[in-house]
Structures are given as structure tokens and as C-alpha cells.
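Student: Before I ask anything, here is the structure I am working with.
Laboratory data are not the source of any read-out in this text; all were calculated from the coordinates shown. Computed from a predicted model, the values in this text were never measured in an experiment. Here Cβ is always computed from backbone atoms with ideal geometry, including for glycine, and neighbour counts include all displayed protein chains.
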Amino acid sequence: MTAVHGGSGVRYIARKLVFPVNYEEEVSQRLCDALHGDDSKLASECLADPFVDVNFVGTVNLKSKTTEISLHDEAASEVLVEYEEFKTEVTPLFLAAHAGNMFLVKKLLSLGANVNHKLFRGYATAATVREGHLEILEVLIDSGACQEACEEALLESSYLGYAKLVERLMATDMIRPQAALRALVSACCRGFVYFVDMLIKCGVDANATNRVLLRSSKPSLYANIDCNALSAAVVCRQTSVVRSLFQFGIKTDVKVKVGAWSWDIDTGEEIRVGAGLADAYPITWCAVEYFEVSGLILRSLLQRLSPNNLHCGRTLIHHAILCNNALAVEVLLDCGADVEIPVETTSKTELRPVHLAAKLGFADVLQCLIVSGCDIDSRTAFGDSALMICARYKRGDCLKVLASAGADFGLLNSAGQSASSIAGLTKWNHGFQQAVVDVILAGKKPRSSNPSVFSPLMFSIQANEIEALKKLLERTDIDLNEQDDDGNSAMMMAASGVHLEAFELLLRAGANIKLSNKYGDTAISLLEVNQNGDVFDQLMLEYALEEVHGPIGFYALHRAAKRGDLNLVQVLVNRGCDVNAFDADGYTPLMLSARGGHGVLCEFLISSGAKCDIENARHETALSLARKKGCGNDAENVVLNELARALVVDGSRVKKHTRCGKGSPHSKELKMMQSSGILRWGKSRRRNVVCKAAEVGPSDKFRWNRRRKLDVEEPGMFHVVTTRNKEVHFVCDGGVEMAQLWVRGIRLLTKEAIFGEHK
């Protein structure tokens, strides 16, 4: 358009800028929009326009099916189908096929639409399969779909499991064997059993291999692997597919490279290399490592293959243990796996399944092996048992399982080590102790064939685990008096240590404290050297008060006498304890009391019938022991008084001098009447006297009268002065000491007769 403006003789020409319009592109895009919006009327109008391009590549926000594989640890993978909307390039034919509009598909094809136009979302055939439009696929195939388009359609159908499309696509002769195999393996991964059946029926070789992406969450796997249909189904845990493949006679003598473990054939050590990086192994091993929770896949394979075939020196049960899969172990054992077969190594380690499970710390697996009847005390080439291996590798849970099942703690390996000593070497004492205590508290008794190596009672005492000790003492099968090779018992251990509460529990449970070890020590003798011996003594004395008979071999009365406990001695004597009994060391209660210088206690014991003249094997008496405390102490005086009293009351033959030494001496029976205090050596009144004094040795008058004799200072001489001031001299056997006793006795009984002090 042109405009002319003028003024003052000047003319201007103005032009409007015009942009050219691509009508062909506009109408073609309108066609795409109409097809995308499912507006058939508008689409038909666009197709009637001579400027429309039926092969135009437009852009729309397409809502299309997508698939996602949901992984489950030990269950089959699940295919999730969702609709996803995204902006993408499309052609009118692609949109019509996607929408399933047969009329428009045919119209577009009649107008020259290219059936083999490939877009980002694939061919029109793929869009048709993705949405499940079988009839439209037929039309597209008949319209000259190329080989790649048909193969893409087949692969797309394998993602979604559209088995109805398989037969039609395979009948086109457009599907190459490798593409069909890829679809087969893909369908196996997804569990589309009917799709798999159809492909195999159409001649696809299920034993051939194809490289596909295999995924697993347990164990973790995300890798492109060369595998066949069976391997893919096993890794993806597709039970129904595996069953179907067996029905078609698929081979099982295949190996697959999806393992994550390798082994040192010399030592048997395991090496984790990562999923898919280990050497290829048999399909049964794959079924173990990628175990399906029902066990059907593994069972099906084991019906055709032995569970005991070796691979790199190992069998399936070793691999199941390595994978820490207790369910797989159960299946293998049910199917005849050898629970005792060792790992074969050039160094002959003799590592059995129970050892491997203990070493790796897999308690659930270990429990399965034990239930199946494995030898829990079997040894490796070095003599290690499963318990020792647990201690070496600090496997507390496994140690509990073994201990609860009755594993022997008393075994030694070829180096002379036990499970407990190995725990000490590996600095795992606390963990070992806690594991054993947990077993005991759970009501189990750890077994030991050798108390010198391990004893549950001694272990609990040494660890000062009182609750565990209580639990053991509740059992009827516990031997309280079990002794090790040195003869030591649990009671001895408690007595020699500071385990007061343990000592009390054993005491009350009836443990024998009279047992001796090979060194002659008893619990009692060990108490003597214990720094806390007094505390233990007090405990046992209290127990003796509670019990009628007291602990066997404790000698409660002797202990109380030794401690000088008058009140306790009175109680024990009143209960009937023998006051003249010897203890294990050959002492009577009176001897012990005298040795301790306990005068009042000695007096009570004597009044209760204790004898002062008893002599033990060492020729010790109460008097000699009292004198070791120092002469003149209370205990010595009490014993001397009793000996003197007994001497004069019982009497004895003495030599009597007459007429104060002037006459000839003669023998007489001298004794004293205790109740009246009368000294008597005959029947006449002159021979029954009351003494007012008694002295050892002769009087001055006696010395003068017998000054010409040689017996004036005769040993054993003593004299008395009667109330009538008459001196009477006697000579007793036993010398001066016996004379002193006679004098002490006479004075004592005379005083008692006069003042009534002795009862």
C-alpha cells in the first residue's frame, strides 16, 4: 500500500511492511493439533486443503504410555505402566496411529503419509503398539512398514506384554532372529509369560544369548549382560516364566556372568568384585545369588542339577552362605545339599559350611545349618571349631546361636587355644563375656567337655555375673562341685577371690566346701588367705545360724570360737554342736578360742563340756596354744583353772610327808571334795582338812626338819596349811608344773567353797 502526502510543494511516499505467511506449514500444524485434540472434523477439513503436508513434523504435548520396572528384593520385578505428557515431535500419521483413529490413518496413508518416518518416539508402528491398537498395526504393516519399524514394534510390545501382536509381527518375515531374541529376553525380565510362550512357539531360540540390561535391588545390579531367556528370568525372579521355559525344554547347562564374588582357590578367601564382574557360574548359582523368596526357581533348577556340584572348589551351599540367604540355605538342604562338605582349597583349610557362616557372622544361616543337623563342633585343618572362629572374628550373635545349640566350649585347637582364650587374644573379652551371659540368661547352659578349659559356673563367678550364676543354679543338671584338672571348684574360686555374693549363692545352693584341689586347698583354707576372709567367715556363720546342720565342712562352732564371738558360740552350742570336735586342721573350739586369747569364751566352752586335756596330732593343747598368745593372759588362766580343778577333784596318788618332814613319807590318794572344799587323803577326820593356804615347794620348818635329807627340794613338792595351822607336805608326779596345778586347784576350790563363785 502506498500513500502520498504533500505540503509546501513537497511529496512523501510511505510503505507498510508486510511479512509473508507459510500457509502450508500453518495448515499442517493445524492438522497435527486437530489430530492431537481428537477433532476429526477439523482434521478432515485440513486434509481437504491442497496445501496440507501429510508428512509434516509438528510439535505437540503428547500424553503417552511409559513403563517403569519396580524392583523388589527377593520377589519378581513388576512392570508399572503410567501416562506421561511431554512436548515432542510428531507426524499426522503418528498421531492418528497413537489415537487409534482408523479412518484418519487410512486417509493419511491414501494421501501419501510415510509409514516409515522415524521420530524421537519411534515409528508409527511403535505408537500403535504402545497404545494397543492391533487393527491399525495391521494396516501399517500392509502399507509397507519397514524391518526396523516392525522390530521396534515387537520390542515395544515386549515391554508391555502384548502377546496378541507377536504372531502378526513374526509372520511378516521382517523380524530378524536377534531382534526376536531381544524381545524374548526383555519379556522374560518383565514376567510376560504368554508373550514368551508365543515367541518360542514362533521359533525363537530360547537358548540363544542376547545383551540386555539386567537390574536387581538385592543384590544390587544394573548392567548390560549377555544372557539367555532363563538367566534373565532367574535374575528378575520371574517364577512363571522359568516354569514355562522348562516346559519348552530350555537347557540348564548354561553359565551366566552376573555374580559379585570371586574366591582365592588357594586359601578360600572371598573377594567381593561387584555384580557382573565375577567369573561366569552355573545357572543354579545365579538362582542362589538372585534368590526368589518362594524358592520355586531354585527348587526347579535343583530337580535338574545337583546341589553338590563344585565350582571353584565350592558348592551351592557355600555360595548361599556367602550371600547371607538363610531361605536359600533351607531350600538347598531340603534338596539334598551336603551340610558338611568343605571348601576345596589347595591349602586344605577344611572350612565347612558351619565354619563359613560363623566366620561371616550370619546367625540366621548358622541356625539353619544347626537345625539341619550339622556337626557344630567340627574342626578346620587348624583345629578351630565354629565357636573359636566366632571368637576370632568377634561374631557375638553367631556365638550365641552356637552356645544355645550346645557347642562345646571345652575344645582346644592345634595351638592349644580355646574359644575363651582366643577372645582374649583378639581383645574381645567383653563381647565374648556378654554373649555367653546372654545365653545363660536366656535359660541355656553353655556346654563344656573340659572344666579346665571352660566351666559355666566358674565363668560366671570370674566375670562377676551374679544374675547368670543365679540362672545356672536354678538348673537341675548343674554340677555344683565340678572340678578342673587342678581340682579347683567354683566354690574355691569364689573363696579365693572377692566374689562374696557368688560365694553366698553357692553356699546356699549346697556346694561342697570340703572339696580339696590337688594342692590340698579347700574353700575353707582359701578363705584363710583371702584378704576378705573375715567377711566370708561372717557370711558362713550367718548361714550356719539359718541352717540346722550348716554347711558341710565349715565347722561353724570352730569359726565362731576363733573369732571370739561369744553370742554365736552360745547359739551353736545350744543347737548341739560338739564342743570337743576337731576341725579339718585338728583343732577343737576351745583350742581356737585359747589361741585367740578369748578367756570368757574359753570359760563358756569349758562350762559347756569342752575338755582342756585334749591333744591334737601336733601335740598341741588348749593350754599350749593359749600360752602362744603370751603368758598370763585370760585364756591361759581359764584353762589352767579348769585343769587344776579337774586335777584336784579327780585326785591322784601322791607321796605324803609325816610330822612336817620328820617321819617317813608314804603314798596316799589325794583329792579334794569340790562342794565342801575339803582336802582328803584318808577317812579319819585328821585326814580331811580345810586349807587356808597352799604353796609350791617346802616350808621353812620342813626344810629344817629334813635338812640332812636329800629330798628337801624334791620336784613336785607342795604343802598346805590347814585351818588348824598344821602344815602338810605332798610330792606329786609331774614336777613343779604339776605341783603348781595342785596348788592352783586347792586354792580355787577352797575359794569357791567359801565364796561360791564357780557354778
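Student: Would you mind ranking Y222, Y194, Y555, Y123 by Cβ crowding within 10 Å, fewest neighbours first?
Tutor: Details: Y222 12, Y194 15, Y555 25, Y123 28.
Going from sparsest to densest Cβ surroundings: Y222, Y194, Y555, Y123.
Student: I want the local charge near I678. Using Cβ-Cβ distances under 11 Å, sum +1 for each Lys or Arg and -1 for each Asp or Glu among the other residues.
Tutor: Residues near I678 contribute +4 overall.
Student: Let me ask something additional. For the pair N481 and N688, what calculated FRET efficiency results from E = 1/(1 + (r/R0)^6), where r is the Cβ-Cβ distance and R0 = 60 Å, to the nearest 0.05? Numbers along the way, then the final one.
Tutor: Numbers: r = 63 Å, r/R0 = 1.05.
Rounded to the nearest 0.05, the efficiency is 0.45.
Student: Also: With a Förster radius of 51 Å, plug the Cβ-Cβ distance of Q178 and R272 into 1/(1 + (r/R0)^6) and report the FRET value to the nearest 0.05.
Tutor: Details: r = 34 Å, r/R0 = 0.66.
Plugging the Cβ-Cβ distance into 1/(1 + (r/R0)^6) gives 0.90.
Student: Still on this structure, I have one more. Determine the sum of side-chain charges near M174: Lys and Arg each +1, Asp and Glu each -1, restricted to other residues whose C-beta is under 9 angstrom from that of M174. Don't skip to the answer; put the middle values down first.
Tutor: On the way: positive: R176; negative: E148, E151, D173.
Result for the neighbourhood of M174: -2.
Student: Right, here's the next one. Quick one: if you stick a label point 7 Å off each Cα along the C-beta vector at R653 and V254, how many nm between them?
Tutor: 12.2
Student: Evaluate the relative contact order of the stretch 651-755 (contact order divided by residue number), counting alpha-carbon pairs under 8 angstrom at least 6 apart; express in whole percent.
Tutor: On the way: 202 pairs, mean separation 30.0, N = 105.
That works out to 29 percent.
Student: Specify the inter-centroid distance of the stretch 222-277 and the stretch 88-138, based on alpha-carbon positions, in whole Å.
Tutor: 40
Student: Put +1 on the Cβ of each Lys and Arg and -1 on the Cβ of each Asp and Glu in the stretch 23-174; which of G132, Y23, A75 then has its Cα farthest toward the positive end of the dipole?
Tutor: Y23
Student: Still on this model: Using amide H atoms built 1.01 Å from N in the peptide plane, name the residues 5+ places from L221, or on other chains, whose amide H lies under 5 Å from its own.
Tutor: Under 5 Å from the amide H of L221 lie the amide H atoms of S216, each far enough along the sequence or on another chain.
Student: For the chain, what percent of Cα pairs sit more than 32 Å apart?
Tutor: Working: 211691 of 287661 pairs.
So the pairs more than 32 Å apart make up 74 percent of the total in the chain.
Student: Taking the Cβ of each residue in V437, V569, V529, V690 as the centre, tally the other Cβ atoms inside 10 Å and list the residues starting with the fewest. Mind dumping the intermediate values first?
Tutor: Numbers: V437 19, V569 26, V529 10, V690 16.
Final ranking by Cβ density, sparse to dense: V529, V690, V437, V569.
Student: Restricting to Cα pairs below 8 Å that are 6+ residues apart, what does the relative contact order work out to for the chain? Please round to a whole percent.
Tutor: Working: 1379 pairs, mean separation 31.9, N = 759.
Relative contact order, the chain: 4 percent.
Student: Quick one: Karplus J couplings for the stretch 372-387, per residue in order, coefficients 6.51, -1.76, 1.60, θ = phi - 60°, nearest Hz, x for Gly and Pro?
Tutor: Whole-Hz 3J(HN,Hα) from phi for the stretch 372-387: 6, x, 5, 7, 6, 10, 5, 10, 7, 4, 9, x, 6, 8, 4, 4.
Student: To the nearest 20 Debye, how big is the dipole of the chain about its Cα centre, given +1 on the beta carbon of each Lys and Arg and -1 on that of each Asp and Glu? Provide the component values of the computation, followed by the final result.
Tutor: Working: 85 positive and 92 negative charges, 1307 e Å.
About 6280 debye.
Student: Would you mind checking K671/K701; K628/K726; K164/K218; K41/K87; K562/K751 for any pair whose Cα atoms are more than 28 angstrom apart? Spell out each step's value before the answer.
Tutor: Details: K671/K701 24 Å; K628/K726 39 Å; K164/K218 33 Å; K41/K87 24 Å; K562/K751 31 Å.
Checking Cα-Cα distances, K628/K726; K164/K218; K562/K751 exceed 28 Å.
Student: In nanometres, what is the gap between the two model label sites at E135 and H619, each 7 Å from Cα along Cα-to-Cβ?
Tutor: With each label point 7 Å from Cα toward Cβ, the separation is 13.3 nm.
Student: I've got another one for you. First select every other residue whose beta carbon is under 14 angstrom from the beta carbon of D205; then total the charges, Lys and Arg +1, Asp and Glu -1.
Tutor: Numbers: positive: R176, R182, K201, K251; negative: none.
Counting the neighbours of D205, the net charge comes to +4.
Student: Starting with the fewest neighbours, write out D585, D733 ranked by other beta-carbon atoms found within 10 Å of each beta-carbon.
Tutor: Working: D585 15, D733 12.
Lowest to highest Cβ neighbour count: D733, D585.
Student: Name the lysines eligible as straight-distance cross-link partners of K348: C-alpha to C-alpha under 22 Å, and not fewer than 8 places from it in the same chain.
Tutor: K348 reaches K359.
Student: Note down the nm distance, to one decimal, between modelled labels 7 Å out along Cα→Cβ at E84 and at K63.
Tutor: 1.7
Student: Once a ≥ b ≥ c are taken as the square roots of the eigenvalues of the Cα gyration tensor of the stretch 651-755, is the result rounded (a/c under 1.5), prolate (a/b larger than b/c) or oblate (a/b not larger than b/c)? The partial results should precede the final answer.
Tutor: Values: a/c = 1.68, a/b = 1.51, b/c = 1.12.
Since a/c reaches 1.5 and a/b is larger than b/c, the shape of the stretch 651-755 is classed as prolate.
Student: Additional query: For E89, list long-range residues whose amide hydrogen, built 1.01 Å from N in the peptide plane, is under 5 Å from its own amide hydrogen.
Tutor: F120
Student: By how many nm would the segment from E737 to L111 lengthen if fully extended, with 0.36 nm per residue of separation less the alpha-carbon distance?
Tutor: Details: separation 626, 0.36 × 626 = 225.36 nm, distance 15.25 nm.
Fully extending the segment from E737 to L111 adds 210.1 nm.
Student: Now for a different question. Near the amide H of C691, under 5 Å away, which other amide H atoms are found, from residues 5 or more places off or on another chain, if H is placed in the peptide plane?
Tutor: When sequence neighbours closer than 5 places are left aside, the close amide H contacts are L679.
Student: Within the stretch 721-743, list the residues whose amide N lies under 16 Å from a label point set 7 Å along Cα→Cβ of K751.
Tutor: What the label zone holds, given the 16 Å backbone N cut-off, is 740-743.
Student: To continue, here is another question. Would you calculate, for the chain, the mean residue ellipticity at 222 nm contributed by helices, counting each DSSP H stretch of 4 or more residues as -39,500 (n - 2.57) and dividing by all residues, to the nearest 500?
Tutor: Mean residue ellipticity at 222 nm (helix-derived): -12500 deg cm²/dmol.
Student: Any idea what the relative contact order of the stretch 23-174 is, in percent, if you count C-alpha pairs under 8 Å spaced at least 6 apart? Could the numbers behind the result be given before it?
Tutor: Numbers: 236 pairs, mean separation 26.9, N = 152.
Dividing the mean separation by the residue count of the stretch 23-174 yields 18 percent.
Student: Might you report the magnitude of the Cβ-based charge dipole of the stretch 23-174 about its Cα centre, with Lys and Arg at +1 and Asp and Glu at -1, to the nearest 20 debye? It would help to have the intermediate numbers written out before the result.
Tutor: Values: 12 positive and 27 negative charges, 75 e Å.
Charge dipole of the stretch 23-174: 360 debye, to the nearest 20.
Student: Continuing with this model, one more query. Which residues in the stretch 314-347 have a backbone N closer than 15 Å to a point placed 7 Å from the Cα of A381 along the Cα-to-Cβ line?
Tutor: Zone members listed by number: 314, 342-347.
Student: Can I ask one more? Taking a virtual spin label 7 Å from the Cα of H430 along the C-beta vector, which residues in the stretch 365-404 bring their backbone nitrogen under 17 Å of it?
Tutor: Correct set: 394-397.
Student: A further question on this structure: Which aspartates and glutamates have a Cα less than 12 Å from the Cα of K471, not counting those fewer than 8 places away in the same chain?
Tutor: The qualifying aspartates and glutamates are D438.
Student: Grab the Cα-Cα distance for A280 and N55, subtract it from 0.36 nm times how many residues apart they are, and report the gain in nm with one decimal. Let's see the in-between values first.
Tutor: Details: separation 225, 0.36 × 225 = 81.00 nm, distance 4.97 nm.
Value of the extension gain: 76.0 nm.
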